[in-house]
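Only one structure is covered here, and it is reproduced in the block below.
Any read-out appearing in this document is the output of simple, stated calculations on the displayed coordinates, not a laboratory observation. Because the structure is predicted, anything quoted here is derived from the model rather than measured. Here Cβ is always computed from backbone atoms with ideal geometry, including for glycine, and neighbour counts include all displayed protein chains.
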Amino acid sequence: MTAFSLNPEQIAWCAELRTLADERLRPLAEKGEPGRVNRPLVEALGELGLLGPLFAGEGSGTGPASRTPHVASGALGLCLLRESLAHACTEAETALALQGLGAHPVAAFGSPRQREQWLAPARAGRAVAAFALSEPGAGSDAAALALSAAPDGASSWRLTGEKCWISNAPEADFYTVFARTTPGAGARGVTAFLVPADRAGLTGTPLDMLSPHPIGALAFDGVTVTGEDVLGEPDRGFRVAMTTLNRFRPSVGAFAVGMAAAALDATLAHTARRDAFGGKLKDLQAVAHQVAEMATRTEAARLMVYAAAAAYDRGEPDIAQRAAMAKLLATETAQYVVDAAVQLHGARALQRGHLLEHLYREVRAPRIYEGASEVQRSIIAKELYAGPSG
């Protein structure tokens, strides 16, 4: 298998995932309340074995991931999983991704006690996880975070401050929280903590956002954490954050590709059957050329995502640059494709409940979260100038 083609087993797995998402996960998603954690959906992802690859590179349960662990493993497997789910059910894809972001630091940096307590329930979908990095004054500039972790004895701290735009907040069961343990030290003074949701002094409020997935703000009023709550090492939390984001960044592009592909498929079907100006809409050269452009850009984004994921799995040295390029191209492409699809469908696409109305709301956020497009361009430029000829 190269980075630019999938083998028959991978193609079959993706088809199975799309069917599974359409038949098993979409009904659960439709019963959920927008802006709230859909626990039956998260549990179904766990029962089907789809959450296992997020943490250990292998499936769990009796679902398709457990039957084909070698296909589901690694960054490429995660990309295929996210793209396939997004094509049929964006809510299922988002629930899966949020669970991965919140719990991956526990899998990668957690102590045996932390892993034993939280990882199995998270993999099974019984415990909802959240990744708490962003703050009102520290979004793209994550090193500027100000949530204070003031020393409280020899090996404990008190967390004071806010987190904002945290997916799955305030309903998650536990949070990976990044706080400043050394003032004035930038990225080198941040520590990652595993904070259970029932910890005294931790409260949260939901936020009403354009995208329908759950997102909220957290307030920390002297929340006590100890050395047993640290993920990794004190003052090394920025590494925990970046390792997690680098793991998932290429697959954000896969989510975007899945949405673009869904919009493209809907457009092909609509333009082939829609009567206009004495023929079908697809017979108009302007329409046909627009659809060709949508398809070409979607395929280019897909290939870049696959290549970045394959490079990650091989441990190549330019992962940061390739992951940033993949996320940038794929999310910007998805925005273009969904917008073009809406234009070709006309007013019907803006009716509440239409697939494209849903995708139009969903597609905007990926250009911001896990590093906005402008941040991705900065990463790419930095890596380019740091190269042999930089």
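Couple of notes before you dig in:
- Amide H contacts under 5 Å for Gly216, placed H, 5+ residues apart: Trp165, Ile166, Ser167, Asn168, Ala169, Leu207
- Vicinal HN-Hα couplings computed from phi for the stretch 114-123 (Karplus, 6.51 cos²θ - 1.76 cosθ + 1.60; Hz; Gly/Pro x): 5, 5, 5, 6, 10, 6, 4, x, 5, 5
- Antiparallel bridges, percent of DSSP beta bridges restricted to the chain (to nearest 5): 85
- Principal semi-axes in Å for the chain [√(5λ), Cα gyration tensor, largest first]: 36, 22, 21
- Over the stretch 134-253, Cα pairs under 8 Å with separation of 6+ residues give a relative contact order of 27 percent.
- Of interest is the spacing of the C-alpha centroids, which for the stretch 217-286 and the stretch 333-390 amounts to 9 Å.
- Relative to the longest principal axis of the Cα atoms of the chain, the long axis of helix 373-385 lies at roughly 80 degrees.
- Relative packing of 271-281, 121-131, which averages over residues the other C-beta atoms within 10 Å, highest first: 121-131, 271-281
- Pairwise label distance in nanometres, Arg113 with Phe277, each label 7 Å out on the Cα-Cβ vector: 7.1
- Cross-link reach is defined here as a Cα-Cα straight distance under 14 Å, omitting same-chain residues fewer than 8 places apart; for Lys382 the aspartates and glutamates meeting it are Asp318, Glu374.
- The stretch 207-336, relative contact order [Cα under 8 Å, separation at least 6], %: 32
- Cα extents of the stretch 8-124 along the three principal axes, largest first (Å): 37, 37, 21
- Amide H within-cut-off set for Ala129, under 5 Å, with H built and near neighbours excluded: Asp173
- Rounded to the nearest Hz, the phi-derived 3J(HN,Hα) couplings of the stretch 266-274 under the Karplus curve 6.51 cos²θ - 1.76 cosθ + 1.60 (θ = phi - 60°) are 5, 5, 4, 5, 5, 6, 6, 10, 7, where x marks glycine and proline.
- Couplings 3J(HN,Hα) for the stretch 175-192, derived from phi with the Karplus relation 6.51 cos²θ - 1.76 cosθ + 1.60 (θ = phi - 60°), are 10, 8, 10, 10, 9, 8, 9, 10, x, x, 9, x, 5, 7, x, 10, 10, 9 Hz, where x marks Gly and Pro.
- The chain, relative contact order in percent, only Cα pairs under 8 angstrom and at least six apart counted: 15
- In a simple Cβ point-charge model (Lys, Arg +1; Asp, Glu -1; nothing else charged), the chain has a dipole of about 340 debye relative to its Cα centre.
- CD proxy at 222 nm, helix term only [per DSSP H run n ≥ 4: -39500 (n - 2.57); per residue of the chain; nearest 500]: -16000 deg cm²/dmol
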